[in-house]
């Protein structure tokens with residue numbers, strides 16, 4: 001049986017919510033938020049729990065609320 005990669009990633013994913021405004025933060029932190037797909041306050045995105053995503057969360061974690069899905 002072949003499993004679908006997308007469904008496997010969503011099951012072991014992270015729910016990321018932008019809780020604080022990026023106004024006044026360094027430009028690179030805003031780029032990280034854009035890379036995560038967060039554009040508006042209180043927006044929530046689902047991302048896989050990969051090392052790349054965890055590194056991005058570590059950089060701007062003070063603006064986010066992260067929970068397992």
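The values are calculated or read from the model by the stated rules, or taken from the named source; none is laboratory data. The structure presented is a predicted model; accordingly, all values stated were derived computationally and were not measured. Don't worry about glycine lacking a Cβ; one is built from the backbone with ideal geometry, like all the others, and counts go over all protein chains shown.
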Q.
Can you tell me which condition residue 7 does not meet? The list is (1) modelled with pLDDT of 95 or more; (2) assigned to a helix (DSSP H, G or I), and all the others hold.
A. (1)
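For (1) under 12 Å from the mean Cα position of the chain (by Cα); (2) at pLDDT 95 or above; (3) assigned to a strand (DSSP E or B), each residue gets a yes or a no:
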residue	(1), (2), (3)
2	no, no, no
24	no, yes, no
47	yes, yes, yes
65	yes, yes, yes
Q) Do any residues in region 14-30 that are over 16 Å from residue 45 (Cβ atoms) have Cβ atoms under 9 Å from those of residues that are assigned to a loop (DSSP other than H, G, I, E, B), where the two are at least six apart or on different chains, and which pairs are they? A) 21/41; 29/22
Q: State whether the residues of region 30-40 include one that is assigned to a loop (DSSP other than H, G, I, E, B) and either touching a helix residue (DSSP H, G or I) at 6+ places or on another chain (Cβ under 7 Å) or within 13 Å of residue 62 (Cα to Cα) (or both).
A: no
**Q.** Subset of region 43-69 (residues that are loosely packed, with under 13 Cβ neighbours inside 10 Å and within 22 Å of residue 27 (Cβ to Cβ))
**A.** 52, 55, 58, 61, 62
